[in-house]
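The values are calculated or read from the model by the stated rules, or taken from the named source; none is laboratory data. What you see is a predicted model, and the numbers here were worked out from it, not measured in a lab. We place every Cβ from the backbone using ideal geometry, glycine too, and count neighbours over all the protein chains shown.
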Amino acid sequence: MFTPQAILLLCLFLQIGLTFWAIMRMGTLRLKSLKTGETRYQDIALASESYPDYVKPHQNNAHNQFETPVLLYVLVILANSSGVANWGVAVGAVIYIVARFLHRAVHVGKNDLKKRIGTFISGLIGLFIGWISLGLGFLGII
């Protein structure tokens, strides 16, 4: 049977996997552009803006994996290490991680801004649910 603690750890590892996937895909596309000559080493020595347009969504998404996911990492660590992991925290984390995978698909796919914003906000709502549930757990309310 899944426990809140196990679900939180699963979400943590899924986010870490998503981050590695984003970085590896970005790196693969960057190398491709260097090998084909689309990008010259001297053009990217100090900044990465010179990569072709097809690389930029992957770059942006890889960088994005180091923004709100930090809130998930801290949430999981605090919930599990303090013994306050509860179903509200777990549900919030699941909402967040599903939204992150959808966000990446939109971000590096058609990049429909309305859909991307929707998935981003859904993820934030998941984090909010998790943090509120953690706070309520610390207060002994749930």
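Considering only residues that are more than 30 Å from Gly92 (Cα to Cα), basic (Lys, Arg) and assigned to a helix (DSSP H, G or I), which ones fall in segment 3-55?
Across segment 3-55, the qualifying residues are Arg30, Lys32, Lys35.
For segment 35-86, enumerate the residues that are among the hydrophobic types (A, V, I, L, M, F, W, C) and surrounded by 15 or more Cβ atoms within 10 Å (Cβ to Cβ).
Residues satisfying the conditions are Ile44, Val55, Ala62, Leu71, Leu72, Leu75, Val76, Leu78, Ala79, Val84, Ala85.
Could you grab the pairs with beta carbons closer than 6 Å, sequence gap of 6+ or different chains, first residue in segment 120-141 and in a helix (DSSP H, G or I), second one aromatic (Phe, Trp, Tyr)?
Gly123/Tyr96; Gly126/Tyr96; Leu127/Tyr96
Just to be sure before I move on: is Val98 under 12 Å from the mean Cα position of the chain (by Cα) and in a helix (DSSP H, G or I) in the structure I sent?
Here the answer is yes, as Val98 does meet what is asked.
Cβ-Cβ under 9 Å, sequence separation 6+ or interchain: first residue in segment 36-54 and at pLDDT 90 or above, partner of a type in the set (Val, Ile, Thr). Which pairs?
Close Cβ pairs satisfying both conditions: Glu38/Val55; Thr39/Val55; Tyr51/Thr39; Tyr51/Ile44; Pro52/Thr39.
Considering only residues of segment 1-17 that are surrounded by 19 or more Cβ atoms within 10 Å (Cβ to Cβ) and within 22 Å of Glu67 (Cα to Cα), which is nearest to the chain's Cα centre (by Cα)?
Among those that are surrounded by 19 or more Cβ atoms within 10 Å (Cβ to Cβ) and within 22 Å of Glu67 (Cα to Cα), it is Gln15.
I'd like to verify a number: residues in segment 104-115 that are surrounded by 20 or more Cβ atoms within 10 Å (Cβ to Cβ) and without any contact (Cβ under 8 Å) to a residue 24 or more places away in the chain, how many?
Here the count works out to 1.
Can you name every residue in segment 56-95 that is part of a loop (DSSP other than H, G, I, E, B) and aromatic (Phe, Trp, Tyr)?
Phe66
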